[in-house]
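A.B. asks: Below is the structure I would like to discuss, written out as structure tokens.
The values are calculated or read from the model by the stated rules, or taken from the named source; none is laboratory data. This is a predicted model, so every value here is computed, not measured. For neighbour counting, all protein chains shown are included, and Cβ atoms are generated from backbone atoms with ideal geometry for every residue, glycine included. Just so you know, the surface numbers come from the protein's heavy atoms only, side chains and all, with ligands and any DNA or RNA stripped out. Shrake-Rupley method; radii C 1.70, N 1.55, O 1.52, S 1.80 Å.
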Amino acid sequence: MLEFDANLETKKAGGMMKIQESDNFKVGGPRATYVLIICSLLYAMRYADWQIMAIVLQPMKVELGLTDAQAGLVGTAFFIGIMLFTLPIAHLVDVWSRKKTLGVMAFVWSIFTVATGFTSGLTALLFARFGVGVGESVIAPGGTALISASYPEEKRAQKLGIFNMFITIGIIVGASGGGYLSAHFGGWRTPFYVFGVPGVILGILAFFMQDYRLKAADGSNVVHDSLLSNLKQLWKIHTLRWLYVGLGMFAVMQISVLNWFPALLMRAYNIKEDVAGGIMGLVAIIALVGPVLGGIFADKWQKKRPDGRVHLAAVSIAITSVFLLLELLAALDINNKHLMIFCAIMLPLYSIASGMALPAAAATAQDVVPARLRGLSWGVAMLALYLLGGAWGPLLVGEISDTFHGGYQGLALGLAVAGLFGFVASAMWFMTERHVEGDMKRAKEGSARV
């Protein structure tokens, strides 16, 4: 095997690059805490918007006269926006400014969130959701990179666990708040008007976060490589290949559930969106412990074995798939009380287990790359997540539901098929383990294997 020295491409920068503490950037302390708070709240708003769409999907579908497949296409438009812009925005995060990119794109997604409420047909709705996806493509790579740099390496998964916990908080706020606003204050459009405001406020606050600049070993400023050159260097890191494919398979299951489960509850039990939102919110409250536990256990396992973080992700996602398939057994007989109690227990267990996987995967994606590629590393991860699974998962479920004449049983079958992809994700991450130790060493040395 040949060894590719990443420093050869950065001679103008003076050799190996690293993040240096300065008066404007400190590892740990109040400034790091502020970064964690703002990035986490932005993450929450990003997922609140997503969950609002899931909560109002059924009344929106009825008012606009959409089929299940068309309703699934609305989610696909959102993910296409993310996919097309994730890489250029992630590259901008690395070469320009993490905080400024986060602030600007928060304004973008807030404008299109409000615009969603004004749509009157499928075409306008697809355009609005595409725009939201464009804006929201920044938070995962930008937040992950800035938080990872703001804390010591041994606490990385824990802090990213807190960051990812706010996915669940956003789901709670979007499900409960969005459902209540839709049911009691003017219908499905109202939540989009209301939830456009916090993104603007947080976008302003993002400009006051600390940010870092990379310095070469001789103290000179870094000359960044092109996006294409950086992507080629990421491709040389074997850990990332398997990790990215696993994220796509994970997304088929996870995003499909987030997109369709409220509609499944409404169809099965003839309840309104506020009740379905309350149920999802309650489950999400219980699930808050998932990312935190995932971060803690991932860091602990990492101390015992070099592939500990990705091992935690592989185990937890396999368990997640089991819990999902068990909870969907309710569709066999929704009048069976004992079966319903059993499936009701499976739902929060599914949410806890699924929340444990993502911070471990995110920390691994930061562990195996040099500091100058942290934003792009997780940006590519998000692209893989959506392109390989998230963009077509909800559409797949909708198509299966339509094929089996809709209703709650058609949706349940579609979600069960999506749940099988969790086992594929687990297999991919188990295969990742054998590459992690070597790739981590090369990342610290500023080199990557060809």
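A.B. asks: Could you tell me whether residue 209 is over 15 Å from residue 51 (Cα atoms), hydrophobic (A, V, I, L, M, F, W, C) and touching a Cys at 6+ places or on another chain (Cβ under 8 Å)?
C.D. replies: Working: over 15 Å from residue 51 (Cα atoms): yes; hydrophobic (A, V, I, L, M, F, W, C): yes; touching a Cys at 6+ places or on another chain (Cβ under 8 Å): yes.
Against the criterion (over 15 Å from residue 51 (Cα atoms), hydrophobic (A, V, I, L, M, F, W, C) and touching a Cys at 6+ places or on another chain (Cβ under 8 Å)), residue 209 qualifies.
A.B. asks: Then there's this: Which condition does residue 335 not pass, out of (1) polar (S, T, N, Q); (2) modelled with pLDDT of 85 or more; (3) more than 28 Å from residue 84 (Cβ to Cβ), if it passes all the others?
C.D. replies: Only one criterion in (1) polar (S, T, N, Q); (2) modelled with pLDDT of 85 or more; (3) more than 28 Å from residue 84 (Cβ to Cβ) is unmet by residue 335, namely (2).
A.B. asks: Is there a residue being farther than 20 Å from residue 146 by Cβ, without any contact (Cβ under 8 Å) to a residue 12 or more places away in the chain and among the aromatic types (Phe, Trp, Tyr) anywhere in segment 368-388?
C.D. replies: Quick first cut of segment 368-388, residues farther than 20 Å from residue 146 by Cβ only: 384, 386-388.
If we keep only those that are without any contact (Cβ under 8 Å) to a residue 12 or more places away in the chain as well, we get none.
The answer is no, given that none of the residues of segment 368-388 is farther than 20 Å from residue 146 by Cβ, without any contact (Cβ under 8 Å) to a residue 12 or more places away in the chain and among the aromatic types (Phe, Trp, Tyr).
A.B. asks: In addition: Only helices (runs of 4 or more DSSP H) wholly contained in segment 316-429 count here; list those with 3 or more residues that are under 20 Å from the mean Cα position of the chain (by Cα) and small (Gly, Ala, Ser). Before you say what the answer is, go through the steps one by one.
C.D. replies: Details: elements: 337-367, 374-385, 393-403.
Those helices (runs of 4 or more DSSP H) span 337-367, 374-385.
A.B. asks: Which of the numbered conditions does residue 176 fail, given that it passes all the others? Conditions: (1) open to solvent by 40 Å² or more (accessible area, probe 1.4 Å); (2) touching a residue at least 60 places away in the same chain (Cβ under 8 Å); (3) not in a helix (DSSP H, G or I).
C.D. replies: Failing condition for residue 176: (3).
A.B. asks: Let me ask another. Does residue 265 fit the bill of being assigned to a helix (DSSP H, G or I), open to solvent by less than 30 Å² (accessible area, probe 1.4 Å) and farther than 30 Å from residue 430 by Cα?
C.D. replies: Numbers: assigned to a helix (DSSP H, G or I): yes; open to solvent by less than 30 Å² (accessible area, probe 1.4 Å): yes; farther than 30 Å from residue 430 by Cα: yes.
Taking the combined requirement at face value, the residue satisfies it.
A.B. asks: Pull up segment 179-194, narrow it to residues that are part of a helix (DSSP H, G or I) and surrounded by 24 or more Cβ atoms within 10 Å (Cβ to Cβ), then point me to the one that is modelled with the lowest pLDDT. Working first, answer last.
C.D. replies: The first filter runs over segment 179-194 and keeps only residues part of a helix (DSSP H, G or I), leaving 179-184, 190-194.
Next cut, surrounded by 24 or more Cβ atoms within 10 Å (Cβ to Cβ) only: 179, 181-182, 191-192.
Numbers: 179: 86, 181: 92, 182: 90, 191: 94, 192: 94.
The extreme case among them is 179.
A.B. asks: Still on this structure, I have one more. So is residue 31 open to solvent by 10 Å² or more (accessible area, probe 1.4 Å), among the basic types (Lys, Arg) and in a helix (DSSP H, G or I) or not? First the steps, then the outcome.
C.D. replies: Values: open to solvent by 10 Å² or more (accessible area, probe 1.4 Å): yes; among the basic types (Lys, Arg): yes; in a helix (DSSP H, G or I): yes.
Spelling it out, residue 31 is indeed open to solvent by 10 Å² or more (accessible area, probe 1.4 Å), among the basic types (Lys, Arg) and in a helix (DSSP H, G or I).
A.B. asks: Determine whether residue 37 is assigned to a helix (DSSP H, G or I), modelled with pLDDT of 90 or more and surrounded by fewer than 17 Cβ atoms within 10 Å (Cβ to Cβ). Spell out how you get there, then give the answer.
C.D. replies: Values: assigned to a helix (DSSP H, G or I): yes; modelled with pLDDT of 90 or more: yes; surrounded by fewer than 17 Cβ atoms within 10 Å (Cβ to Cβ): yes.
When the stated conditions are applied, residue 37 passes them.
A.B. asks: Further question: Please state which one of 304, 337, 300 is under 30 Å from residue 410 (Cβ atoms) and among the basic types (Lys, Arg).
C.D. replies: That would be 337, the only listed residue that is under 30 Å from residue 410 (Cβ atoms) and among the basic types (Lys, Arg).
A.B. asks: When you go through 398, 406 one by one, which is the residue that is surrounded by fewer than 18 Cβ atoms within 10 Å (Cβ to Cβ), touching an Asp or Glu at 6+ places or on another chain (Cβ under 7 Å), more than 29 Å from residue 442 (Cα to Cα) and of a type in the set (Gly, Ala, Ser)?
C.D. replies: On the way: 398 fails: surrounded by fewer than 18 Cβ atoms within 10 Å (Cβ to Cβ).
Just a single option satisfies the conditions, and that option is 406.
A.B. asks: Across segment 117-147, which residue is surrounded by the fewest Cβ atoms within 10 Å (Cβ to Cβ) among those that are under 21 Å from the mean Cα position of the chain (by Cα) and of a type in the set (Ser, Thr, Tyr)? Steps first, please.
C.D. replies: Here is the first cut: in segment 117-147, the ones under 21 Å from the mean Cα position of the chain (by Cα) are 126, 128-147.
Of the ones still in play, those that are also of a type in the set (Ser, Thr, Tyr) are 137, 144.
Numbers: 137: 29, 144: 31.
By that ranking, first place goes to 137.
A.B. asks: Read through the list (1) over 29 Å from residue 368 (Cα atoms); (2) open to solvent by less than 70 Å² (accessible area, probe 1.4 Å); (3) touching a helix residue (DSSP H, G or I) at 6+ places or on another chain (Cβ under 6 Å), then give the number of the only condition that residue 288 fails.
C.D. replies: Only one criterion is unmet by residue 288, namely (1).
Each row is one residue, and each column tells you yes or no for (1) open to solvent by less than 30 Å² (accessible area, probe 1.4 Å); (2) of a type in the set (Ser, Thr, Tyr).
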| position | (1), (2) |
| --- | --- |
| 292 | no, no |
| 295 | yes, no |
| 303 | no, no |
| 307 | yes, no |
| 321 | yes, yes |
| 326 | no, no |
| 331 | yes, no |
| 373 | yes, no |
| 379 | yes, no |
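A.B. asks: So, in segment 148-164, exactly how many residues are open to solvent by 40 Å² or more (accessible area, probe 1.4 Å) and in contact with a Leu (Cβ under 7 Å, 6 or more places away or on another chain)?
C.D. replies: The qualifying residues number 2.
A.B. asks: Answer yes or no: is there a residue in segment 221-244 that is touching a residue at least 60 places away in the same chain (Cβ under 8 Å), under 24 Å from residue 396 (Cα atoms) and open to solvent by less than 50 Å² (accessible area, probe 1.4 Å). If you could, list the steps in order and put the result at the bottom.
C.D. replies: First, the residues of segment 221-244 that are touching a residue at least 60 places away in the same chain (Cβ under 8 Å): 221-225, 227, 229-231, 233-234, 236-240, 242-244.
Add one more test, that the residue is under 24 Å from residue 396 (Cα atoms), and what stays is 242-244.
From the residues that got through so far, the ones that are open to solvent by less than 50 Å² (accessible area, probe 1.4 Å) too are 243-244.
Yes, segment 221-244 has at least one match.
A.B. asks: Tell me which helices (runs of 4 or more DSSP H) are completely within segment 46-162 and hold 1 or more residues being free of Cβ contacts under 8 Å to residues at least 40 places away in the same chain, or say none if there are none.
C.D. replies: Numbers: elements: 68-95, 98-116, 122-136, 139-150.
Ranges flagged: 68-95, 98-116, 122-136.
A.B. asks: Right, something else. Does segment 247-260 contain at least one residue that is under 26 Å from residue 417 (Cα atoms), part of a loop (DSSP other than H, G, I, E, B) and either open to solvent by 10 Å² or more (accessible area, probe 1.4 Å) or in contact with a strand residue (DSSP E or B) (Cβ under 7 Å, 6 or more places away or on another chain) (or both)?
C.D. replies: We begin by selecting, within segment 247-260, every residue under 26 Å from residue 417 (Cα atoms); these are 247-260.
Filter once more, keeping what is part of a loop (DSSP other than H, G, I, E, B): none.
No - not one qualifying residue is present in segment 247-260.
A.B. asks: Also, I was wondering about something else. Being among the charged types (D, E, K, R) and modelled with pLDDT of 90 or more is the filter here; which residues of segment 217-235 pass it?
C.D. replies: 232
A.B. asks: Could you tell me which residue of segment 436-449 is nearest to residue 66 (Cα to Cα), considering only residues that are part of a helix (DSSP H, G or I) and open to solvent by 40 Å² or more (accessible area, probe 1.4 Å)?
C.D. replies: Taking segment 436-449 first, the residues part of a helix (DSSP H, G or I) are 436-445.
If we keep only those that are open to solvent by 40 Å² or more (accessible area, probe 1.4 Å) too, we end up with 437, 441, 444-445.
On the way: 437: 50, 441: 52, 444: 52, 445: 54 Å.
Of everything passing the filter in segment 436-449, 437 is nearest to residue 66 (Cα to Cα).
A.B. asks: Considering each of 82, 111, 89 in turn, give the residue that is open to solvent by 30 Å² or more (accessible area, probe 1.4 Å) and of a type in the set (A, V, I, L, M).
C.D. replies: Details: 82 fails: open to solvent by 30 Å² or more (accessible area, probe 1.4 Å); 89 fails: open to solvent by 30 Å² or more (accessible area, probe 1.4 Å).
Checking each option against the conditions leaves just 111.
A.B. asks: On to the next question. Kindly evaluate residue 271 against the criterion of being without any contact (Cβ under 8 Å) to a residue 60 or more places away in the chain, touching a helix residue (DSSP H, G or I) at 6+ places or on another chain (Cβ under 8 Å) and closer than 28 Å to residue 399 by Cβ. I'd like the intermediate steps shown before the answer.
C.D. replies: Values: without any contact (Cβ under 8 Å) to a residue 60 or more places away in the chain: yes; touching a helix residue (DSSP H, G or I) at 6+ places or on another chain (Cβ under 8 Å): yes; closer than 28 Å to residue 399 by Cβ: yes.
It is true that residue 271 is without any contact (Cβ under 8 Å) to a residue 60 or more places away in the chain, touching a helix residue (DSSP H, G or I) at 6+ places or on another chain (Cβ under 8 Å) and closer than 28 Å to residue 399 by Cβ.
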